[in-house]
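The structure appears below as structure tokens.
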Amino acid sequence: MTADSEERLFRVAVLVSGEGTNLQAILDRLHGREGIEVARVGASRESARGLERARAAGIEAAAFEAAAYPDREARDRALADWLAGRGVDLVVLAGFMELLSPAFVARFRGRIVNVHPSLLPAFPGTRAIEQAIEYGVRVTGVTVHFVDEGVDTGPIVLQRPLELPYPADIAEVEERVHEIEHELLPQAVRMIARGAVSIDPTNPRRVLVAEDHPWTP
Ligand code: GAR
């Protein structure tokens, strides 16, 4: 096969801050399949285990620590340049625990998704699982959403609920949440790569997915 006849793969970048189990799920389920490649992995911290996972899979990976730049905007510009340099189609925040600057969001508008461990708009921000347990809700879950300038406020792509046991053991709930995330996030990325996800032209809050069908009682 010549370079010319090679099909252009859908290029995904994944940003992490910590363990990177969601990155691992994307690597295991999507990388090198269905026309998708994980092209770059960026981290907010050099110590993020996700960087090791990426390198073990042969993927170019680098840390962009805010402290190494004059300000957050400069860090985000460097990160955005690095991703754009590889022609990234979609940026996936998989446990990336820092807010990206408005300029970064604008540059990749409609092309950034985040996985969050609650049923948004409930419990945005950090410690979402703890927040849900402390509040006393009976059902929590996982959300994959597009990223806008707010904290976990962008249009929702997919959600899946999880009933909370009572009393709730935090480690057990985290494990269940992770299991759901590891299915839901790759599913959302796969659908976006296939072009099956769009914003409803009549309602910019609502995401349409090709699998959606009209509700019938
Ligand atoms: C995941 O549970 C993800 O939903 C959460 O961080 C964890 C990262 O795990 N993200 C947030 O709370 C973002 N607000 P991982 O590093 O093992 O993928």
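The values are calculated or read from the model by the stated rules, or taken from the named source; none is laboratory data. Note that the structure is predicted; figures quoted are calculated from it, not measured. FYI the Cβ positions are ideal-geometry reconstructions off the backbone, even for glycines, and counts take in every protein chain you see. Accessible surface areas use protein heavy atoms only, side chains included; no ligands, DNA or RNA. Shrake-Rupley method; radii C 1.70, N 1.55, O 1.52, S 1.80 Å.
Odds and ends about this structure:
- Protein heavy-atom accessible surface, 1.4 Å probe, per residue over the chain: 52 Å².
- Loop GluC sites (Glu not before Pro), the stretch 109-217 (other Cβ atoms within 10 Å of the site Cβ: 16 or fewer; DSSP): 149, 211
- Each DSSP beta bridge with both residues in the chain is either parallel or antiparallel, and the antiparallel ones are about 45%.
- Normalised by 2.2 N^0.38 Å, where N counts its residues, the alpha-carbon radius of gyration of the stretch 76-168 equals 1.21.
- Within the accessible area of the stretch 106-154 (1.4 Å probe), percent carbon and sulfur: 56
- Put a plus charge on the Cβ of each Lys and Arg, a minus charge on the Cβ of each Asp and Glu, and nothing anywhere else: the dipole of the chain about its Cα centre is then about 460 debye.
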